[in-house]
Amino acid sequence: MIDMGARDPDEFSAGQWPDWSFWKDPSEGPGSRGRGRGRAAVATAAALASLTLIARAEDIAHGTGPLPLTSLAIGLVACYGIVCVLAPWYGPMALRRERVAIVAVAFLLGAAPAVLLATPSYLTDLTYALAIGLMLLPLRHALLLGLVTVLGQIVWMRLDRGEVAWAQVGILVGVTAALGTVFALNFTIGHLRAAREQVKRLAVNQERERVARDMHDVLGHSLSTMTVKLGLTRRILESSGDVALAVAQVTELENMARTALSDIRATVSDYRTLSLDSELAGAHMALRAAGIRADLPAATDAVRPELREVFGYVVREATTNVLRHSDAELCTVRTGPDWVEVTDNGGFTGG
């Protein structure tokens with residue numbers, strides 16, 4: 001079975017043109033093994049077509065028709081065989097109009113011997129033209145073409161002989177149905193592979209968004225707190241020159257930087273866990289450094305366990321906003337079993 005590769009799911013509708021762009025280079029890409037099998041299948045089918053058409057040419061040569069028509073019919077069979085061999089190799093990379101032209105030429109050459117020699121049974125050879133049509137045209141169009149061919153052969157046999165050679169019609173119907181099923185399965189497989197690749201891409205994008213959000217939370221809160229503490233340290237040194245107090249602030253900054261670095265590494269490794277208690281402790285330290293009184297809950301036992309991590313993010317983000325955008329003197333945090341509230345007495349300062 002030919003490997004269609006992973007494509008956009010919309011490309012595999014029965015009314016869409018088959019996409020064979022992977023046919024250019026079978027030696028590259030993850031589907032190269034399947035593409036190699038596809039080329040081997042095409043080569044086998046081309047060899048079978050050649051052998052069958054050689055047998056058809058011999059049958060025509062041993063017929064009783066006029067020599068000029070017999071010679072012309074054999075020449076047309078030879079041209080038909082060449083088209084059947086070359087079309088699977090060059091047709092997939094052709095433009096839409098060129099694909100239609102290739103299929104039309106294949107059908108004309110395949111039907112010409114039957115018309116010249118008035119032998120409707122020769123229309124069975126159009127199975128190869130139908131195979132090319134199924135490969136190059138939208139599936140529903142190719143199947144409609146096969147149905148018209150079968151009906152045409154039945155009507156011609158009825159008018160010419162008064163009876164229908166159902167064995168020959170059965171060959172044409174069976175081959176068309178089998179090839180149509182194979183190509184429909186190929187389109188379905190391509191559809192499923194495209195969907196799987198899309199799921200993979202979505203998973204990767206979601207993971208990137210998760211890491212970006214976590215990095216924003218970690219760095220935004222930590223850098224905001226560090227900025228406040230650095231400003232406090234500068235004011236201490238400028239106003240009082242209290243080196244001991246400044247060293248204490250720098251020590252806290254050092255510890256915060258190490259914690260932030262650890263959080264960043266854990267975020268990338270997907271090992272970081274966030275707790276409401278730790279975020280309340282961090283908020284208390286950051287607010288104190290900024291000169292803002294913090295009214296925080298003494299315990300978080302009343303909060304439902306499955307909500308503590310989410311509430312931790314809420315407290316972190318709200319505290320960061322207070323530090324960045326508020327001139328508040330008091331920040332209050334209240335928690336309940338399924339709610340958290342962060343308020344301050346300041347106004348929005350922008351930034």
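The values are calculated or read from the model by the stated rules, or taken from the named source; none is laboratory data. This is a predicted model, so every value here is computed, not measured. Cβ atoms come from the backbone with ideal geometry, glycine included; neighbour counts cover every protein chain shown. Surface accessibility is based on the protein's heavy atoms, side chains included, excluding ligands, DNA and RNA. Shrake-Rupley method; radii C 1.70, N 1.55, O 1.52, S 1.80 Å.
Counting the residues of the stretch 191-237 that are surrounded by 15 or more Cβ atoms within 10 Å (Cβ to Cβ) and small (G, A, S) gives 4.
Within the option set E317, E306, being under 14 Å from G220 (Cα atoms) and open to solvent by 20 Å² or more (accessible area, probe 1.4 Å) holds for one residue only, E317.
So, in the stretch 280-297, of the ones that are farther than 11 Å from V333 by Cα and touching a strand residue (DSSP E or B) at 6+ places or on another chain (Cβ under 6 Å), which residue ends up surrounded by the fewest Cβ atoms within 10 Å (Cβ to Cβ)? Can you show your working first?
Residues of the stretch 280-297 farther than 11 Å from V333 by Cα: 281-282, 285-293.
Restricting the remaining residues to those that are touching a strand residue (DSSP E or B) at 6+ places or on another chain (Cβ under 6 Å) gives 287, 292-293.
Details: L287: 24, I292: 22, R293: 13.
Residue satisfying both the conditions and the ranking: R293.
Considering every residue within the stretch 296-308, establish whether at least one is in a loop (DSSP other than H, G, I, E, B), within 23 Å of Q249 (Cβ to Cβ) and at pLDDT 85 or above.
So far as the stretch 296-308 goes, yes, one or more of its residues are in a loop (DSSP other than H, G, I, E, B), within 23 Å of Q249 (Cβ to Cβ) and at pLDDT 85 or above.
Of the numbered criteria (1) touching a residue at least 12 places away in the same chain (Cβ under 8 Å); (2) outside any loop (DSSP other than H, G, I, E, B); (3) in contact with a Ser or Thr (Cβ under 9 Å, 6 or more places away or on another chain); (4) more than 17 Å from H216 (Cα to Cα), the one E341 fails is (1).
When you look at A246, is it over 21 Å from L280 (Cβ atoms), open to solvent by less than 40 Å² (accessible area, probe 1.4 Å) and part of a helix (DSSP H, G or I), yes or no? Walk me through how you get there before you give the answer.
Details: over 21 Å from L280 (Cβ atoms): yes; open to solvent by less than 40 Å² (accessible area, probe 1.4 Å): yes; part of a helix (DSSP H, G or I): yes.
For A246, the condition - over 21 Å from L280 (Cβ atoms), open to solvent by less than 40 Å² (accessible area, probe 1.4 Å) and part of a helix (DSSP H, G or I) - is met.
Just one residue in the set A142, A106, A94, A129 is buried (at least 23 other Cβ atoms within 10 Å of the Cβ) and at pLDDT below 85; that residue is A142.
Among the residues of the stretch 173-187, at least one is open to solvent by 50 Å² or more (accessible area, probe 1.4 Å), in contact (Cβ under 8 Å) with a residue 60 or more places away in the chain and assigned to a helix (DSSP H, G or I). Of everything in the stretch 38-63 that is of a type in the set (S, T, N, Q) and touching a helix residue (DSSP H, G or I) at 6+ places or on another chain (Cβ under 9 Å), the residue that is modelled with the lowest pLDDT is S50.
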